[in-house]
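S.K.: Okay, here's the structure, questions in a sec.
Bear in mind that the values in this text are calculations on the coordinates, not laboratory data. Treat the numbers as computed from the prediction; the structure is a model and nothing was measured. A quick note on method: Cβ atoms are made from the backbone with ideal geometry, for glycine too, and the neighbour counts reach across all protein chains shown.
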Amino acid sequence: MRLAEAVHTPFIIHEPIPVTINRLASILCYMPRNVKFNLEKLIHTTIDLVCRGS
């Protein structure tokens, strides 16, 4: 919810929030490369869970 408030987007649960890597880094106080790393890790973890059927 903090992200949705920060980008001034109407918050709807389970709906994508359009945001750039730089904007996300600014909101989370991360470096853009750390945002990319964490997003890639999240994507790979999600894919692994889906493939395992968990």
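S.K.: How charged is the neighbourhood of residue 21? Take every other residue with its Cβ under 15 Å from the Cβ of residue 21, and add Lys/Arg as +1 and Asp/Glu as -1.
M.R.: +3
S.K.: Return the long-range amide H neighbours of residue 30 (sequence gap of 5 or more, or a different chain), with a cut-off of under 5 Å between placed amide H atoms.
M.R.: Result for residue 30 returns nothing.
S.K.: Continuing with this model, one more query. Could you go through the stretch 35-49 in sequence order and give the Karplus-derived ³J(HN,Hα) for each residue, using 6.51 cos²θ - 1.76 cosθ + 1.60 with θ = phi - 60°, rounded to whole Hz, and x for Gly and Pro?
M.R.: My calculation for the stretch 35-49 gives 4, 4, 4, 5, 5, 5, 5, 4, 4, 5, 5, 5, 4, 4, 5 Hz in order.
S.K.: When only DSSP loop residues count, what trypsin sites (Lys or Arg not before Pro) in the stretch 23-54 have their Cβ near at most 16 other Cβ atoms within 10 Å?
M.R.: For trypsin sites (Lys or Arg not before Pro) across the stretch 23-54 that sit outside H, G, I, E and B with at most 16 neighbouring Cβ atoms in 10 Å, the list is empty.
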